[in-house]
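Chemist: Below is a structure I'd like to ask you about.
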Ligand SMILES: NC(=O)c1ccc[n+]([C@@H]2O[C@H](COP(=O)([O-])OP(=O)(O)OC[C@H]3O[C@@H](n4cnc5c(N)ncnc54)[C@H](OP(=O)(O)O)[C@@H]3O)[C@@H](O)[C@H]2O)c1
């Protein structure tokens, strides 16, 4: 199977695991600030409109005339930080985190759909969401609300009619469960005043409840290649004993 796969955030954690476990033959392009070892990368800061423009240009360039079997965009870039009570957060860091978590997904999703207008392929777009899209964690106001925006963007755009030209696209939003990545390390390193759930998250690590990113990545690929209907918002795993933490 020949394909073209874009993964934002393939320089680390789940995005890197998705690139490592790609189950079909494809050219894989990372979108991140640092770039991913061994992959082509679009170097872009996705908390800024300049980074969105650079990514949109890459979609246009690579998808123009694309006739491969499959085109995929997985938007995995995201940040938990600043973990802070909203009233105390610094305005600049807060604004950038909101732009990355809440705005970049819809903006880049729209750019991908638009670029597909000049391709003929089977296309899938997946947002990487989180249980925090519906669970409330004080201190995570730049994060959960952004994930909720991704879920609802997917539901909304999936309900729109197919485009008259080019390739339509299946849209999914997938929460991967709690993963053993740098993001979780940063969550565990907070003090309880900033993040009241910190002890529960430390306990998940001590209790071995965090999932390996490669395990979640394989499940995500199964879903992407499966038949879940467009517009599905899927929560992969709620580890036993942690119903209220994700
Ligand atoms: N870890 C979990 O328990 C968990 C649970 C549910 C959902 N998720 C979601 O899974 C996804 C991956 O998280 P992870 O745990 O793998 O985190 P991670 O190891 O911290 O990786 C985050 C990725 O996002 C990219 N990124 C961050 N800020 C960026 C920016 N301004 N511009 C471009 N790229 C940026 C990073 O690349 P650069 O630093 O190179 O830019 C990195 O590749 C995220 O969407 C996260 O919300 C994680």
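The values are calculated or read from the model by the stated rules, or taken from the named source; none is laboratory data. On a predicted model such as this, the values are computed, not experimentally measured, just so you know. Glycine gets a Cβ as well: all are built from the backbone with ideal geometry, and neighbour counts include every protein chain shown.
Chemist: If I ask for residues that are free of Cβ contacts under 8 Å to residues at least 40 places away in the same chain and either touching a strand residue (DSSP E or B) at 6+ places or on another chain (Cβ under 9 Å) or surrounded by 17 or more Cβ atoms within 10 Å (Cβ to Cβ) (or both), which ones from region 191-211 would you list?
Modeler: Residues satisfying the conditions are 198, 209, 210, 211.
Chemist: Within the group 159, 175, which residue is modelled with pLDDT of 95 or more and touching a strand residue (DSSP E or B) at 6+ places or on another chain (Cβ under 9 Å)?
Modeler: The unique qualifying residue is 175.
Chemist: What are the residues in region 154-176 that are surrounded by fewer than 21 Cβ atoms within 10 Å (Cβ to Cβ) and either part of a helix (DSSP H, G or I) or within 13 Å of the ligand (Cβ to nearest atom) (or both), if any?
Modeler: Within region 154-176, 155, 156, 157, 158 meet the criteria.
Chemist: Of these, 184, 110, which one is away from the ligand (no atom under 14 Å from the Cβ) and more than 14 Å from the chain's Cα centre (by Cα)?
Modeler: 110
Chemist: Those residues that are more than 12 Å from the ligand (Cβ to nearest atom), touching a residue at least 40 places away in the same chain (Cβ under 8 Å) and under 30 Å from residue 191 (Cα atoms), I need them from region 124-150; list them, please.
Modeler: Within region 124-150, 138, 139, 141, 145, 149 qualify.
Chemist: May I pose another question? Of the conditions (1) touching a helix residue (DSSP H, G or I) at 6+ places or on another chain (Cβ under 8 Å); (2) at pLDDT 95 or above; (3) farther than 19 Å from residue 72 by Cβ, residue 152 satisfies every one except a single condition; which number is it?
Modeler: Checking residue 152 against (1) touching a helix residue (DSSP H, G or I) at 6+ places or on another chain (Cβ under 8 Å); (2) at pLDDT 95 or above; (3) farther than 19 Å from residue 72 by Cβ, the one that fails is (1).
Chemist: Give the number of residues within region 35-56 that are closer than 17 Å to residue 77 by Cβ and either in contact (Cβ under 8 Å) with a residue 40 or more places away in the chain or out of contact with any strand residue (DSSP E or B) (no Cβ under 8 Å at 6 or more places or on another chain) (or both).
Modeler: Summing the residues that are closer than 17 Å to residue 77 by Cβ and either in contact (Cβ under 8 Å) with a residue 40 or more places away in the chain or out of contact with any strand residue (DSSP E or B) (no Cβ under 8 Å at 6 or more places or on another chain) (or both) in region 35-56 gives 12.
Chemist: Might you let me know whether region 113-123 holds any residue that is loosely packed, with under 15 Cβ neighbours inside 10 Å, in contact (Cβ under 8 Å) with a residue 40 or more places away in the chain, within 14 Å of the ligand (Cβ to nearest atom) and more than 15 Å from the chain's Cα centre (by Cα)?
Modeler: No, because not a single residue in region 113-123 is loosely packed, with under 15 Cβ neighbours inside 10 Å, in contact (Cβ under 8 Å) with a residue 40 or more places away in the chain, within 14 Å of the ligand (Cβ to nearest atom) and more than 15 Å from the chain's Cα centre (by Cα).
Chemist: Residues being under 21 Å from residue 172 (Cα atoms) and surrounded by fewer than 17 Cβ atoms within 10 Å (Cβ to Cβ): count how many of those fall in region 48-75.
Modeler: 1
Chemist: Select from region 76-92 the residues that are surrounded by fewer than 14 Cβ atoms within 10 Å (Cβ to Cβ) and either touching a strand residue (DSSP E or B) at 6+ places or on another chain (Cβ under 7 Å) or assigned to a loop (DSSP other than H, G, I, E, B) (or both) and list them in ascending order.
Modeler: Listed by number, the list holds a single entry, 90.
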